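Down below is the structure, laid out as structure tokens.
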Amino acid sequence: MKRKRFLSVLGLITILVIIGFFAWFFTVLFEKEPPSAVLEPLPEFLSGSRKFTLNIADKKTGLRSFQVSIQQGNKEMTLVEGKFTSQGLLRAGGVHQFKNEFTLDPGALKLAQGEMDLHLRVWDYSKRGGGKGNMTLLRHKMIVDTIPPSIRALSHEHNVSVGGSGLVIYETSSDATESGVFVDEIFFPGFSAKKNSGNQVHCCYFAVPYDTKSQPKITLWARDRAGNVAQTSFSYHIRKKSFRQDKVELSDGFIERLLPYFAAFYPFHSEESNIEKFLWINNELRKENDETLHQLMKKTSAERLWDGALLRQKNTANMARFGDHRSYYYKGVKVDEQDHLGVDLASVANSPVQASNHGRVIYADKLGIYGFAVVIDHGQGLASIYGHLSKIDVTSGQEVRKGDIIGSTGETGLAGGDHLHFAIMVGGVYVNPIEWWDDHWIEDNISTKLALIE
């Protein structure tokens, strides 16, 4: 009796194990988890040959096959595909992960301009779907755009001096999202002015750097949202310019008078000599300050804020010119050289300083070698800088008008006496302020061109 009961229980257990095994077996074979698939990148536009990477995986029954295709209208074509061999009944040794790269070239495939779908299909070795397996589909819509924007100059006679400024008025097609002027490798952004028969008219202030040694290459440049780039030349003439050489004798008394101001803001190593501290100020701190000014220029208004020639400070004499090349000597030995990228104007001590034109204050604080300084944005990349002030009477963000008092002259920073260091930047590049003070230069080089868009 006991033996019969034992055999019955054993038989039942055996049946349950067999049922459980087949249930597990069919669950594995007919698993319903689809493969994972990643396709990168996923650009909005396709403007030229582009490389793509696909990563596909299936942890369970393994990868069966994949296909990458494109569809445009009713036309579909396969770009790349692959099949994987199964390993054993449960595919334990099959391919579970795969990575591949392929290139999509719209020109080689003769794709039309417009929308296109990119498809990635991946199948696994599951027995679901009538034995075809689970399928993952990734679909990405792109716009084929391989035609660059158009660009052409509207203004003429662009005569620019080395160290000076220029203005070009130009037109782009409506699809251009970014444009401007390249002077060799330096980019000056353009600013929208008006529409013209569906196209866009822009103005761009640019500069030829004072240290340009050879004839620069100046070109108009535009890019559309697909990344297509157009570049073309326009007529211009570069006038050569020579700058003065200046010798500066550094005395211990002069350096000792300067250092306390800088020691209040910048830590010095006690073991450094006074001349080493001066050279750090004249080199490393100068670089930091000029980078700060360069970054400030990115805050420029897209609108033109100034009007007419810039104002030159009243009753002042030129103490140093733009572009002066200074050689510094200490105890008869040349120790440094720098270029002076502004104009030094001197009058009586603590003279009121006027805003040179309408604009918005974008900096009003201490600025290293420039001492207490004010920077005014005049819009569209033009800015004026006022250094060595003893007092600042404006705040950052404040709007000013031509002639408004913004502070007083002084001898803060790297100043050898009470004066104003006045500088102009165009697109982050220092230019000669004398041009911007000249009514005739403004009329010939700026106003006549602006008349094309006004």
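Values in this text are rule-based calculations from the coordinates and carry no lab data. Just so we're clear, the structure is a prediction, and the values are computed from it rather than from any experiment. We place every Cβ from the backbone using ideal geometry, glycine too, and count neighbours over all the protein chains shown.
Ranked by the mean number of other Cβ atoms within 10 Å of their residues, highest first, the peptides 113-126, 418-431 come out as 418-431, 113-126. Which aspartates and glutamates does Lys298 reach when only Cα atoms under 19 Å apart count, and residues fewer than 8 places away in its own chain are ignored? The reachable aspartates and glutamates, counting only those whose Cα sits under 19 Å from Lys298, are Glu178, Glu185, Glu288, Asp290, Asp365, Asp377, Glu399.
Which distance in Å, rounded to a whole number, links the C-alpha centroids of the stretch 191-261 and the stretch 390-447? The stretch 191-261 and the stretch 390-447 have Cα centres spaced 17 Å from each other.
Selection among Phe52, Ser447, Asn350 by position relative to the dipole of the chain gives Phe52 as farthest towards the positive end (Cβ unit charges, Cα centre).
Beyond 27 Å between alpha-carbons counts as too far, so tell me which of Lys51/Lys194; Lys314/Lys334; Lys32/Lys83; Lys240/Lys402; Lys217/Lys241; Lys334/Lys391 fall in that bin. Over 27 Å Cα-Cα: Lys51/Lys194; Lys314/Lys334; Lys240/Lys402; Lys334/Lys391. Between the residues Ser150, Leu311, Gly416, the greatest Cα displacement towards the positive end of the dipole of the chain, with unit charges on the Cβ of Lys, Arg, Asp and Glu, is found for Ser150.
Packing-based ranking of 435-444, 55-64 yields 55-64, 435-444, ordered from highest to lowest mean Cβ neighbour count within 10 Å. Applying both filters, DSSP loop and at most 14 other Cβ atoms within 10 Å, to the chymotrypsin sites (Phe, Trp or Tyr not before Pro) of the stretch 221-311 gives Phe265, Phe268. Above 28 Å, the calculated P(r) of the stretch 245-431 contains 23 percent of its Cα-Cα pairs.
Taken about its Cα centre, the chain carries a charge dipole of about 3540 debye when Lys and Arg each add +1 at the Cβ and Asp and Glu each add -1 at the Cβ. Quick one: net charge of Tyr363's neighbours, Cβ under 11 Å, K/R +1, D/E -1? Net of charged neighbours comes to +1. Sorting 377-383, 157-163 by average packing, meaning the other beta carbons within 10 Å per residue, from highest down gives 377-383, 157-163. Rounded to two decimals, the Cα radius of gyration of the chain over 2.2 N^0.38 Å is 1.57. Among the lysines, which fall within straight-line cross-link reach of Lys331, defined as a Cα-Cα distance under 24 Å, with same-chain neighbours fewer than 8 residues apart omitted? Reachable lysines: Lys247, Lys277.
In order along the stretch 234-244, phi translates into HN-Hα couplings of 8, 6, 7, 9, 9, 8, 5, 9, 10, 10, 5 Hz, rounded to whole numbers, per the Karplus curve 6.51 cos²θ - 1.76 cosθ + 1.60 with θ = phi - 60° and x for Gly and Pro. With the gyration tensor restricted to C-alpha atoms of the stretch 151-239, the semi-axes of the equivalent ellipsoid amount to 23, 14, 10 Å, longest first.
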